[in-house]
1. Just for the stretch 179-190: of the residues that are surrounded by fewer than 22 Cβ atoms within 10 Å (Cβ to Cβ) and touching a helix residue (DSSP H, G or I) at 6+ places or on another chain (Cβ under 7 Å), which one is nearest to residue 116 (Cα to Cα)?
2. Taking the stretch 63-77 on its own, how many of its residues are under 15 Å from residue 18 (Cβ atoms), over 21 Å from the mean Cα position of the chain (by Cα) and part of a helix (DSSP H, G or I)?
3. In this structure, does residue 24 turn out to be assigned to a loop (DSSP other than H, G, I, E, B) and under 13 Å from the mean Cα position of the chain (by Cα)?
4. Since residue 173 meets every condition but one in (1) more than 22 Å from residue 38 (Cβ to Cβ); (2) surrounded by fewer than 18 Cβ atoms within 10 Å (Cβ to Cβ); (3) in contact (Cβ under 8 Å) with a residue 60 or more places away in the chain; (4) not basic (Lys, Arg), which condition does it not meet?
5. Take residue 245 and decide whether it is buried (at least 19 other Cβ atoms within 10 Å of the Cβ), touching a strand residue (DSSP E or B) at 6+ places or on another chain (Cβ under 8 Å) and at pLDDT 95 or above.
6. Pick out the one residue from 42, 122 that is within 24 Å of residue 242 (Cβ to Cβ) and of a type outside the set (S, T, N, Q).
7. Can you give me the ranges of the helices (runs of 4 or more DSSP H) entirely in the stretch 127-235 with at least 3 residues that are modelled with pLDDT of 95 or more and within 26 Å of residue 90 (Cα to Cα)?
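The values are calculated or read from the model by the stated rules, or taken from the named source; none is laboratory data. All figures in this text were calculated on a predicted structure; none of them were measured in a lab. Here Cβ is always computed from backbone atoms with ideal geometry, including for glycine, and neighbour counts include all displayed protein chains.
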Amino acid sequence: MLIPEYVKGHNLLEGKSVLITAAAGAGIGFSAAVKAAEEGCRALMISDIHEGRLQEAVAKIKEQTGIENVFYQVCNVTVEDDVQTLIDVAEEKLGGVDVLINNAGLGGSKLLIEMEDAEWNRVLDVTLTGTMRMTRAMLPKMMERKAGAIVNNASVLGWRAQKEQAHYAAAKAGVMALTRCAAVEAAEYGIRINAVSPSIALHDFLRKSAPQELLDQLASKEAFGRAAEVWEIANIMMFLASDYSSYMAGEIISASSQRA
């Protein structure tokens, strides 16, 4: 179960500004924020629903990377006014958003026959509709500039069946479909929309939302016999955000050794 050495930045995002949702804490979003700074972005904004954790995250990013132009904005992606405010503030503080990373998502475990409408709707509202709201609000700004990249966080569960994951799997399959359709609409404006589809990347939130026995079982099935490190998923996001993916539109990169 050998974990590879952390990959240093190579200025993939030099000169670009980056906006990331759900980036407070220790998950993929925060790792993507650190990576974006390490890859030389000129300015960075992170958002989440917890202001205290956002403030802590900004301080950590500055300390770890040395970047100064780091901002935060509280945003609940299920609230349209929050989304519009986030986009407007990011546009102003970043001098235009070059890269949007839609990382906000919500999971849980529940058998379908025990699932109430409220739980189903909440997971889809955050994970799928939240991604749509952010993309819908961001696209007009990018279309005016005829440039930009949007990276969505999907999941292998958008392809693969798993018990007690009907709501999350449906939402992530929707993110994949949204990515493909939106990419076709955006391509004529020079905007790229793609997604990464992780299988299992361990972080504190996931450990709290799923039994350790299940996490160990899923990780053991991977080719490397381990779960992904969050920064390994963030690396793929950096590739999709960078000009190295200039001919990719509507693609879903699977970061998983599990068969769909």
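1. 182
2. 0
3. Yes.
4. (3)
5. yes
6. After applying the criteria, what remains is 42.
7. Output list reads 130-145, 166-187.
The rows are residues; the columns are (1) small (Gly, Ala, Ser); (2) in contact with a helix residue (DSSP H, G or I) (Cβ under 6 Å, 6 or more places away or on another chain); (3) buried (at least 17 other Cβ atoms within 10 Å of the Cβ).
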{"residue": "98", "(1), (2), (3)": "no, no, yes"}
{"residue": "101", "(1), (2), (3)": "no, yes, yes"}
{"residue": "104", "(1), (2), (3)": "yes, yes, yes"}
{"residue": "108", "(1), (2), (3)": "yes, no, no"}
{"residue": "118", "(1), (2), (3)": "yes, no, no"}
{"residue": "124", "(1), (2), (3)": "no, yes, yes"}
{"residue": "127", "(1), (2), (3)": "no, yes, yes"}
{"residue": "137", "(1), (2), (3)": "yes, yes, yes"}
